[in-house]
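The values are calculated or read from the model by the stated rules, or taken from the named source; none is laboratory data. From a predicted model like this one, the values you see are computed outputs, not experimental measurements. Backbone-built Cβ (ideal geometry, glycine too); neighbour counts: all protein chains shown. For accessibility, only protein heavy atoms count, side chains too; no ligands or nucleic acids. Shrake-Rupley method; radii C 1.70, N 1.55, O 1.52, S 1.80 Å.
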Amino acid sequence: QVQLAESGGGLVQAGGSLRLSCAASGRTFSTLSMGWFRQAPGKEREFVVAISWSDIDIEYADSVKGRFTISRDNAKNTVYLRMNSLKPEDTAVYYCAASPRYYGGRYPGEYDYWGQGTQVTVSS
């Protein structure tokens with residue numbers, strides 16, 4: 001069983017930056033593909049970014065492309081989401097997800113494990 005723990009959320013002004021972290025345990029991290037999703041109040045969970053085992057395959061949602069950067073450190077069993085130029089519409093609970101497949105992609109159903117989420121609030 002894989003456990004995921006997100007951290008790094010908070011309140012930031014528009015234009016600011018945050019870095020989210022997601023620490024994984026319970027499985028060899030280098031054999032997990034990872035994804036970040038978010039859910040704003042009253043909205044469905046939406047895809048943010050996904051990364052494959054090997055860092056070769058990375059996909060961003062159009063809404064965050066050029067502003068967000070995903071990276072992973074297999075030695076630390078952690079995936080990061082660097083968020084720059086934050087906008088009020090980025091406000092949401094951000095969830096980390098893991099899949100044993102080489103690449104989970106943009107569909108939540110492809111991920112078997114989920115963290116509890118971390119709140120990101122961007123003020124205007």
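Summary table below
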read-out: The chain, accessible surface, carbon-and-sulfur percent (1.4 angstrom probe); value: 47 percent
read-out: Per residue accessible area in Å² of the chain, where ligands, DNA and RNA are left out and the probe is 1.4 Å; value: 49 Å²
read-out: Ordering of 24-35, 105-116 by burial proxy (mean other Cβ atoms within 10 Å per residue, highest first); value: 24-35, 105-116
read-out: Pairwise Cα inverse-distance average, inverted: Kirkwood Rh of the chain (Å); value: 14.1 Å
read-out: Net length gained if the chain between residue 57 and residue 76 were fully extended (0.36 nm per residue, minus Cα distance); value: 4.8 nm
read-out: Whole-Hz couplings from phi, Karplus 6.51/-1.76/1.60, listed for region 88-103; x for Gly and Pro; value: x, 6, 7, 4, 4, 8, 9, 10, 9, 9, 10, 9, x, 6, 4, 8
